Every structure is written in C-alpha cells, then in structure tokens.
Amino acid sequence: MDLRTIRDISAIADPIERARAITRAMTEQQGIAEEAARLRRSAIAEAREAGHTLEEIARALGVTPGRVSQMRKGPMAKSPTPPNSRRPPVIVQRALPTDPATRGSVSLFLVEAERQGITPGRTMLYVGLEEAAEHIAACLRVEPGDQVIARRKMMTADEVPVRIATSFFRVDLFGGSRIAEPEFVKPSLQSAIQALGHTFGHAEETLTARPATRFEADTLELDPGEWVVQVLRASYSSEGTPVHVLETICSANRHIFTIGQVGGLDEF
C-alpha cells in the first residue's frame, strides 16, 4: 500500500465505504507481505546452500547475523521446489452473483460442481470461536479481535482442493444455535438462519486477487507463487443487521468466474 493509495482512500466521503476500502487494502497488503517474507526466506536458504555464511548475508542486507537467523526460520525456509505435479488440472466455474435458488440449496458448491460434471467434496476444517480479522469485523460491525463464530470448510473437485469457505457469524445473534455446532447444518445453512427469524435484505460482494497465505497454500496444495481470489460476501437482513459473512478463498489457477448481468439495465 503506497501513500497515493492511502490518500485516495482518505478522500472517500462515505465513512463506511472509506472503512471498507482501507480494510480491503490492508488485506491485500497482508498477503503481499507474507509472500515477500516467504521469498526472502527462500533467497536466504538458497544463498546458504551456495556456501555464503550468515555473516556475509547479514553484511549484504545491512542487518545482524541474528536477524538473518530470524528471517530464515519457518517451514518455507528452503530453495524453491519444482512445480507440484501430483494433482491433475481442474477448472471450476464460480457464478457471480450466485443464483438465489443455488445459494439456498444444501450447498452452493455441491450444486455448481455437479452441474459442471465435476465430482465435488467438502470437509469441515473447523467450527468454533475465533478472533475477527479487520475485514471480517468491518462487515459484521464488531471490533477487530472480537470473538465470532467461524465455520471453515475445504472444497474439492475431482479430489483436488479448490476452495476454503469460511462463514462468520456474530456470537450475540447465533451463539447457542445450530450454527455454532460442529457438524454440517441440515438441511442447509440458509434455512437455519431463516429459522432464527432473519429475512434476507441485501448482500455486498467483493473480489480480491492476492498471494496465498501459508495456511491457504498448504490447505489448497498450491505451487510456490500461486495466487488466490478472495470472494467476500456480506449478507444483511431486511432490517440491515449483518447476519452472515462468507469468505471464500479460491485457487486462482483452478477457477473461472462468470459474471451475470441483469437484463434490460445495461447498454452495448
């Protein structure tokens, strides 16, 4: 994030939109910083394998040998490996906006994948409380670091990991409900939300392309340097209450996004 970007965001008149813009920018910056740190660790590891001492590397970087040791720590501190060839190529389509009938089904991903002739699968990775990241907190209108309910799943297509989908809910609205329980919600998450008296009002959806975090790269089994597309959908009730935030992390190399346009409201 450069100074010009910060100035452009600070000039946005609407305070809510200004907060959203800075949240998106900070999310992108976090992903870039993590990828830069990974590349630096790989470069230091490669230099060490070539015979350079920590002292030589430290002098070149203008830091102490101890700082170089800190830089090179972590599971990614090794030379780049050849592209991962153990997974077959797979492409999944993701429609935007999603057809309401599809979103209200037992699973958006299962329905979309089956229509494309792909064998879908899903695994629940985590259900429980976790601290809200800034971009999630902004959508749910809570403070960053507040406890929220997270439901995190991994989606596969023909046994290839393609997405990490995490639903976030406010504890004051959904704590103690079926949504906070560890298993998949049946017949659907949408029905469970509606059963608690929430009527859908509107949703806001944003896409961000960025480098994968270490967790995302490991979970989706991405090759070094692969990016992800983050789809963030914030849904609000008819009263304007933030009811559901869905963050979907999609492997960029395994997706095509089809964008729908409402008929009669556009021009050639």
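For every residue, the table says whether it meets (1) of a type in the set (A, V, I, L, M, F, W, C); (2) farther than 30 Å from Asp172 by Cβ.
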{"position": "Leu207", "(1), (2)": "yes, no"}
{"position": "Glu221", "(1), (2)": "no, yes"}
{"position": "Trp227", "(1), (2)": "yes, yes"}
{"position": "Ala234", "(1), (2)": "yes, no"}
{"position": "Glu239", "(1), (2)": "no, no"}
{"position": "Glu247", "(1), (2)": "no, no"}
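Of the helices (runs of 4 or more DSSP H) that lie entirely inside region 42-106, those containing 2 or more residues that are at pLDDT 65 or above, open to solvent by 40 Å² or more (accessible area, probe 1.4 Å) and more than 30 Å from Pro120 (Cα to Cα) span 54-61, 65-71. Just checking, does region 18-27 include any residue being in a helix (DSSP H, G or I), among the polar types (S, T, N, Q), under 20 Å from Pro144 (Cα atoms) and at pLDDT below 70? Scanning region 18-27 turns up at least one residue that is in a helix (DSSP H, G or I), among the polar types (S, T, N, Q), under 20 Å from Pro144 (Cα atoms) and at pLDDT below 70. Being under 11 Å from the mean Cα position of the chain (by Cα) and acidic (Asp, Glu) is the filter here; which residues of region 208-238 pass it? The answer is Glu216, and nothing else.
Within region 217-227, the presence of a residue that is in contact with a Phe, Trp or Tyr (Cβ under 8 Å, 6 or more places away or on another chain), open to solvent by less than 70 Å² (accessible area, probe 1.4 Å) and under 28 Å from Ala25 (Cα atoms) is excluded.
For (1) over 12 Å from Pro161 (Cβ atoms); (2) out of contact with any strand residue (DSSP E or B) (no Cβ under 8 Å at 6 or more places or on another chain), each residue gets a yes or a no:
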position	(1), (2)
Arg214	yes, yes
Ala217	no, yes
Asp223	yes, yes
Ala234	yes, no
Thr241	yes, yes
His244	yes, no
Glu247	yes, no
Phe257	yes, no
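Restricting Ile193, Ile179, Ile164 to residues that are out of contact with any Gly (no Cβ under 9 Å at 6 or more places or on another chain), part of a helix (DSSP H, G or I), open to solvent by less than 10 Å² (accessible area, probe 1.4 Å) and modelled with pLDDT of 90 or more narrows the list to Ile179. All conditions in (1) in contact (Cβ under 8 Å) with a residue 12 or more places away in the chain; (2) open to solvent by less than 60 Å² (accessible area, probe 1.4 Å) hold for Val111, with the sole exception of (1). As a summary of the residue check, Gly117 satisfies the conditions (1) in contact (Cβ under 8 Å) with a residue 24 or more places away in the chain; (2) closer than 26 Å to Val92 by Cβ except for the one numbered (1). Kindly check whether there is at least one residue in region 150-159 that is modelled with pLDDT under 90, outside any strand (DSSP E or B) and open to solvent by 10 Å² or more (accessible area, probe 1.4 Å). Looking for residues that are modelled with pLDDT under 90, outside any strand (DSSP E or B) and open to solvent by 10 Å² or more (accessible area, probe 1.4 Å), one finds at least one in region 150-159, hence yes. Scanning region 224-241 for residues that are over 18 Å from Arg141 (Cα atoms) and not in a strand (DSSP E or B) yields Pro224, Gly225, Glu226.
The values are calculated or read from the model by the stated rules, or taken from the named source; none is laboratory data. As the structure is a prediction and not an experimental result, all values here were calculated from the model. Please note: Cβ atoms are built from the backbone with ideal geometry, for glycine as well, and neighbour counts cover all protein chains shown. Calculation scope for accessible area: heavy atoms of the full protein, side chains included, ligands and nucleic acids excluded. Shrake-Rupley method; radii C 1.70, N 1.55, O 1.52, S 1.80 Å.
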